[in-house]
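A short write-up of the structure that comes next.
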Amino acid sequence: MIEFIDIVKKFNVGTPDETTLFDGFNLKIEKGEFVCVVGSNGSGKTTMLNLLCGSLPVDSGKIVLDGKNITKMNEYVRAKYIGRVFQDPQKGSAAKLTILENMALADNKNKRYLLTPAINKKRMDYYKSLLEECNMGLENRLDVQVGSLSGGQRQALALVIANMSDIDILILDEHTAALDPKSSERIMQLTDMFVKEKKATALMVTHNLRYAVEYGTRLIMMDKGRIVLDKAGEEKQNTKIDDILYQFNQISIECGN
(Lines give C-alpha, C1' and ligand atoms only; values in the text may rest on other atoms or scores of the structure.)
Protein backbone atom coordinates (compact mmCIF):
# COMPACT_ATOMS: atom_id res chain seq x y z
CA MET A 1 0.00 0.00 0.00
CA ILE A 2 1.13 3.54 -0.81
CA GLU A 3 -0.04 6.45 1.33
CA PHE A 4 0.47 10.16 0.85
CA ILE A 5 -0.44 11.73 4.20
CA ASP A 6 -0.99 15.49 4.60
CA ILE A 7 1.63 16.31 1.97
CA VAL A 8 2.71 19.93 1.57
CA LYS A 9 4.93 20.91 -1.35
CA LYS A 10 5.95 24.45 -2.23
CA PHE A 11 8.12 25.81 -5.04
CA ASN A 12 10.31 28.94 -5.23
CA VAL A 13 10.05 29.40 -1.47
CA GLY A 14 11.00 32.86 -0.24
CA THR A 15 10.67 34.49 -3.67
CA PRO A 16 7.86 36.51 -5.27
CA ASP A 17 7.08 33.39 -7.34
CA GLU A 18 6.44 31.17 -4.32
CA THR A 19 3.58 28.76 -4.96
CA THR A 20 1.99 25.94 -2.99
CA LEU A 21 1.07 22.97 -5.15
CA PHE A 22 0.12 20.44 -2.47
CA ASP A 23 -1.45 21.69 0.74
CA GLY A 24 -2.52 18.73 2.85
CA PHE A 25 -2.65 16.26 -0.06
CA ASN A 26 -3.84 12.75 0.82
CA LEU A 27 -4.02 9.63 -1.32
CA LYS A 28 -4.13 5.92 -0.54
CA ILE A 29 -3.29 3.33 -3.21
CA GLU A 30 -3.96 -0.31 -2.44
CA LYS A 31 -1.43 -3.01 -3.25
CA GLY A 32 -1.89 -4.32 -6.79
CA GLU A 33 -3.88 -1.35 -8.09
CA PHE A 34 -3.11 0.01 -11.56
CA VAL A 35 -3.87 3.71 -11.20
CA CYS A 36 -4.16 5.98 -14.26
CA VAL A 37 -3.67 9.67 -13.44
CA VAL A 38 -4.87 12.44 -15.75
CA GLY A 39 -5.00 16.21 -15.43
CA SER A 40 -3.90 19.42 -17.08
CA ASN A 41 -0.34 20.75 -17.05
CA GLY A 42 0.56 21.94 -13.56
CA SER A 43 -2.03 19.77 -11.82
CA GLY A 44 0.63 17.93 -9.80
CA LYS A 45 0.71 14.59 -11.59
CA THR A 46 4.45 14.33 -12.21
CA THR A 47 5.28 16.11 -8.95
CA MET A 48 3.38 13.37 -7.12
CA LEU A 49 5.51 10.74 -8.88
CA ASN A 50 8.72 12.63 -8.07
CA LEU A 51 7.76 12.86 -4.40
CA LEU A 52 7.08 9.11 -4.30
CA CYS A 53 10.35 8.25 -6.04
CA GLY A 54 12.36 10.68 -3.90
CA SER A 55 13.38 12.96 -6.79
CA LEU A 56 11.78 15.82 -4.84
CA PRO A 57 11.57 16.23 -1.05
CA VAL A 58 8.28 16.96 0.69
CA ASP A 59 8.01 20.10 2.82
CA SER A 60 5.84 18.35 5.36
CA GLY A 61 3.70 15.25 5.62
CA LYS A 62 4.56 11.58 5.16
CA ILE A 63 4.88 9.02 2.38
CA VAL A 64 4.33 5.47 3.59
CA LEU A 65 5.03 2.27 1.64
CA ASP A 66 3.63 -0.96 3.08
CA GLY A 67 3.56 0.56 6.55
CA LYS A 68 7.12 1.93 6.34
CA ASN A 69 7.76 5.67 6.41
CA ILE A 70 9.96 6.38 3.37
CA THR A 71 9.62 10.19 3.47
CA LYS A 72 13.31 10.79 4.22
CA MET A 73 14.65 7.76 2.36
CA ASN A 74 17.16 8.60 -0.39
CA GLU A 75 16.08 8.20 -4.00
CA TYR A 76 18.64 5.49 -4.76
CA VAL A 77 17.37 3.42 -1.81
CA ARG A 78 13.75 3.74 -2.96
CA ALA A 79 14.87 2.58 -6.42
CA LYS A 80 15.23 -0.91 -4.93
CA TYR A 81 11.46 -1.07 -4.65
CA ILE A 82 10.41 1.22 -7.51
CA GLY A 83 10.78 0.79 -11.27
CA ARG A 84 10.26 3.87 -13.42
CA VAL A 85 9.75 4.44 -17.14
CA PHE A 86 10.10 8.06 -18.25
CA GLN A 87 8.50 10.04 -21.08
CA ASP A 88 11.87 10.28 -22.86
CA PRO A 89 12.83 6.82 -24.21
CA GLN A 90 16.51 7.78 -23.86
CA LYS A 91 16.27 7.88 -20.06
CA GLY A 92 15.42 4.23 -19.56
CA SER A 93 18.57 2.65 -20.93
CA ALA A 94 22.25 3.30 -21.63
CA ALA A 95 22.65 4.27 -25.30
CA LYS A 96 26.30 3.23 -25.71
CA LEU A 97 25.77 -0.21 -24.21
CA THR A 98 24.24 -3.15 -26.06
CA ILE A 99 20.82 -4.59 -25.30
CA LEU A 100 22.57 -7.50 -23.60
CA GLU A 101 24.70 -5.20 -21.44
CA ASN A 102 21.68 -3.14 -20.43
CA MET A 103 19.75 -6.24 -19.42
CA ALA A 104 22.73 -7.63 -17.51
CA LEU A 105 22.93 -4.39 -15.50
CA ALA A 106 19.22 -4.60 -14.71
CA ASP A 107 19.57 -8.28 -13.81
CA ASN A 108 22.22 -7.38 -11.22
CA LYS A 109 20.18 -4.59 -9.61
CA ASN A 110 20.25 -4.81 -5.80
CA LYS A 111 22.98 -7.49 -5.95
CA ARG A 112 26.53 -7.23 -4.69
CA TYR A 113 29.17 -6.79 -7.39
CA LEU A 114 31.97 -9.27 -6.78
CA LEU A 115 34.85 -10.42 -8.99
CA THR A 116 32.57 -12.20 -11.42
CA PRO A 117 31.70 -11.49 -15.07
CA ALA A 118 29.11 -8.73 -15.47
CA ILE A 119 27.30 -10.76 -18.12
CA ASN A 120 26.16 -14.26 -17.23
CA LYS A 121 25.77 -16.06 -20.56
CA LYS A 122 23.61 -18.68 -18.88
CA ARG A 123 20.95 -15.96 -18.56
CA MET A 124 20.82 -15.15 -22.27
CA ASP A 125 17.90 -17.46 -22.99
CA TYR A 126 16.02 -15.74 -20.17
CA TYR A 127 16.77 -12.32 -21.63
CA LYS A 128 15.61 -13.47 -25.05
CA SER A 129 12.37 -14.82 -23.62
CA LEU A 130 11.62 -11.42 -22.06
CA LEU A 131 12.35 -9.59 -25.30
CA GLU A 132 10.25 -12.00 -27.37
CA GLU A 133 7.18 -10.73 -25.50
CA CYS A 134 7.79 -7.30 -27.04
CA ASN A 135 7.26 -8.73 -30.53
CA MET A 136 9.81 -6.30 -31.98
CA GLY A 137 12.63 -8.67 -32.90
CA LEU A 138 14.84 -7.39 -30.08
CA GLU A 139 15.67 -10.92 -28.98
CA ASN A 140 17.75 -11.27 -32.16
CA ARG A 141 19.66 -8.02 -31.61
CA LEU A 142 21.29 -8.54 -28.22
CA ASP A 143 24.66 -7.26 -29.48
CA VAL A 144 23.22 -4.05 -30.98
CA GLN A 145 23.88 -0.73 -29.23
CA VAL A 146 20.69 0.61 -27.67
CA GLY A 147 21.31 4.07 -29.14
CA SER A 148 20.56 2.70 -32.62
CA LEU A 149 17.05 1.53 -31.68
CA SER A 150 13.85 3.42 -32.42
CA GLY A 151 12.00 5.27 -29.69
CA GLY A 152 9.39 2.54 -29.44
CA GLN A 153 12.01 -0.19 -29.20
CA ARG A 154 13.90 1.70 -26.50
CA GLN A 155 10.73 2.25 -24.52
CA ALA A 156 9.87 -1.45 -24.79
CA LEU A 157 13.36 -2.28 -23.52
CA ALA A 158 12.92 0.24 -20.69
CA LEU A 159 9.70 -1.53 -19.68
CA VAL A 160 11.46 -4.90 -19.67
CA ILE A 161 14.36 -3.49 -17.64
CA ALA A 162 12.06 -1.84 -15.11
CA ASN A 163 10.27 -5.14 -14.51
CA MET A 164 13.33 -7.40 -14.32
CA SER A 165 14.03 -6.82 -10.62
CA ASP A 166 11.71 -7.58 -7.72
CA ILE A 167 9.97 -4.19 -7.57
CA ASP A 168 6.86 -3.30 -5.58
CA ILE A 169 5.85 -0.24 -7.63
CA LEU A 170 5.98 0.55 -11.34
CA ILE A 171 5.95 4.27 -12.22
CA LEU A 172 4.95 5.24 -15.77
CA ASP A 173 5.50 8.95 -16.41
CA GLU A 174 3.75 9.73 -19.72
CA HIS A 175 5.77 6.88 -21.19
CA THR A 176 3.92 6.86 -24.53
CA ALA A 177 3.85 10.63 -25.10
CA ALA A 178 7.01 10.78 -27.25
CA LEU A 179 6.07 7.83 -29.47
CA ASP A 180 4.21 7.49 -32.76
CA PRO A 181 0.65 6.08 -32.54
CA LYS A 182 1.57 2.51 -33.53
CA SER A 183 4.44 2.34 -31.03
CA SER A 184 2.23 3.88 -28.35
CA GLU A 185 -0.38 1.17 -28.78
CA ARG A 186 2.20 -1.59 -28.54
CA ILE A 187 3.83 -0.06 -25.46
CA MET A 188 0.45 0.15 -23.72
CA GLN A 189 -0.26 -3.49 -24.53
CA LEU A 190 3.13 -4.44 -23.09
CA THR A 191 2.53 -2.25 -20.05
CA ASP A 192 -0.77 -3.96 -19.31
CA MET A 193 0.80 -7.39 -19.77
CA PHE A 194 3.79 -6.66 -17.51
CA VAL A 195 1.64 -5.12 -14.76
CA LYS A 196 -0.66 -8.15 -14.72
CA GLU A 197 2.23 -10.63 -14.82
CA LYS A 198 4.21 -8.81 -12.12
CA LYS A 199 1.13 -8.09 -10.00
CA ALA A 200 2.85 -4.83 -9.14
CA THR A 201 1.22 -1.63 -7.95
CA ALA A 202 1.37 0.74 -10.93
CA LEU A 203 0.90 4.50 -11.33
CA MET A 204 0.60 5.79 -14.87
CA VAL A 205 0.45 9.51 -15.66
CA THR A 206 -0.98 10.15 -19.11
CA HIS A 207 -2.61 12.85 -21.23
CA ASN A 208 -4.30 10.16 -23.32
CA LEU A 209 -7.83 9.85 -21.94
CA ARG A 210 -8.51 6.71 -23.96
CA TYR A 211 -5.59 4.91 -22.34
CA ALA A 212 -6.72 6.12 -18.91
CA VAL A 213 -10.20 4.71 -19.55
CA GLU A 214 -9.21 1.45 -21.26
CA TYR A 215 -6.36 0.42 -18.96
CA GLY A 216 -5.92 0.07 -15.23
CA THR A 217 -8.20 -0.56 -12.27
CA ARG A 218 -8.54 3.02 -11.03
CA LEU A 219 -8.73 6.46 -12.64
CA ILE A 220 -7.79 9.70 -10.88
CA MET A 221 -8.10 13.24 -12.25
CA MET A 222 -6.01 15.99 -10.64
CA ASP A 223 -6.30 19.76 -10.71
CA LYS A 224 -4.13 22.30 -8.86
CA GLY A 225 -2.76 19.73 -6.46
CA ARG A 226 -6.16 18.21 -5.65
CA ILE A 227 -7.97 15.04 -6.67
CA VAL A 228 -11.19 16.10 -8.37
CA LEU A 229 -12.28 12.69 -9.66
CA ASP A 230 -11.59 9.17 -8.43
CA LYS A 231 -13.14 6.09 -10.05
CA ALA A 232 -12.25 2.50 -9.10
CA GLY A 233 -13.53 -1.02 -9.48
CA GLU A 234 -16.75 -1.49 -11.42
CA GLU A 235 -17.28 2.26 -11.69
CA LYS A 236 -13.91 2.58 -13.42
CA GLN A 237 -14.61 -0.33 -15.75
CA ASN A 238 -17.90 1.24 -16.82
CA THR A 239 -16.38 4.68 -17.44
CA LYS A 240 -16.39 6.04 -21.01
CA ILE A 241 -14.25 8.85 -22.41
CA ASP A 242 -17.28 11.13 -22.67
CA ASP A 243 -17.89 10.66 -18.93
CA ILE A 244 -14.69 12.51 -18.08
CA LEU A 245 -14.03 14.58 -21.20
CA TYR A 246 -16.14 17.60 -20.21
CA GLN A 247 -14.53 17.90 -16.78
CA PHE A 248 -11.05 17.44 -18.25
CA ASN A 249 -11.67 20.13 -20.88
CA GLN A 250 -13.00 22.58 -18.29
CA ILE A 251 -9.88 22.12 -16.17
CA SER A 252 -7.60 22.52 -19.20
CA ILE A 253 -9.33 25.72 -20.33
CA GLU A 254 -9.06 27.23 -16.84
CA CYS A 255 -5.32 26.47 -16.87
CA GLY A 256 -4.88 28.01 -20.31
CA ASN A 257 -4.00 24.70 -21.99
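The values are calculated or read from the model by the stated rules, or taken from the named source; none is laboratory data. A quick note: this is a predicted structure, and the numbers were derived from the prediction, not measured. Here the Cβ positions follow ideal geometry from the backbone for every residue, glycine too, while neighbour counts run over all protein chains shown. The accessibility values were calculated without ligands, DNA or RNA, using every heavy atom of the protein model including side chains. Shrake-Rupley method; radii C 1.70, N 1.55, O 1.52, S 1.80 Å.
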Going by what's in this entry, would Arg84 be described as under 20 Å from Thr206 (Cα atoms), open to solvent by less than 50 Å² (accessible area, probe 1.4 Å) and not aromatic (Phe, Trp, Tyr)?
yes
Only residues that are closer than 15 Å to Thr201 by Cα and out of contact with any Ser or Thr (no Cβ under 9 Å at 6 or more places or on another chain): list them for segment 49-66, please.
Leu52, Cys53, Leu65, Asp66
Residues located in segment 135-148, provided they are over 30 Å from Val77 (Cβ atoms) and crowded, with 20+ Cβ neighbours inside 10 Å
Leu138
Within the bounds of segment 194-213, is there any residue that is modelled with pLDDT of 95 or more, within 21 Å of the chain's Cα centre (by Cα) and among the acidic types (Asp, Glu)?
no
Taking segment 142-190 and keeping residues outside any loop (DSSP other than H, G, I, E, B) and without any contact (Cβ under 8 Å) to a residue 40 or more places away in the chain leaves Ser148, Gln153, Ala156, Pro181, Lys182, Ser183, Ser184, Glu185, Ile187, Met188, Gln189
Name the residues in segment 57-102 that are in a loop (DSSP other than H, G, I, E, B), under 18 Å from Thr46 (Cα atoms) and in contact (Cβ under 8 Å) with a residue 60 or more places away in the chain, would you?
Phe86, Gln87, Asp88
For segment 1-55, give me each residue that is open to solvent by 20 Å² or more (accessible area, probe 1.4 Å), closer than 21 Å to Leu170 by Cα and in a strand (DSSP E or B).
Glu3, Ile5, Asn26, Lys28
Just give me the residues in segment 156-175 being in contact with a Phe, Trp or Tyr (Cβ under 7 Å, 6 or more places away or on another chain), open to solvent by 10 Å² or more (accessible area, probe 1.4 Å) and at pLDDT 90 or above, in sequence order.
Asp173
Pair list, Cβ < 9 Å and 6+ apart or interchain, from segment 200-218 residues that are open to solvent by less than 30 Å² (accessible area, probe 1.4 Å) to residues that are hydrophobic (A, V, I, L, M, F, W, C) and part of a loop (DSSP other than H, G, I, E, B):
Ala200/Ile167; Thr201/Met1; Thr206/Ala177
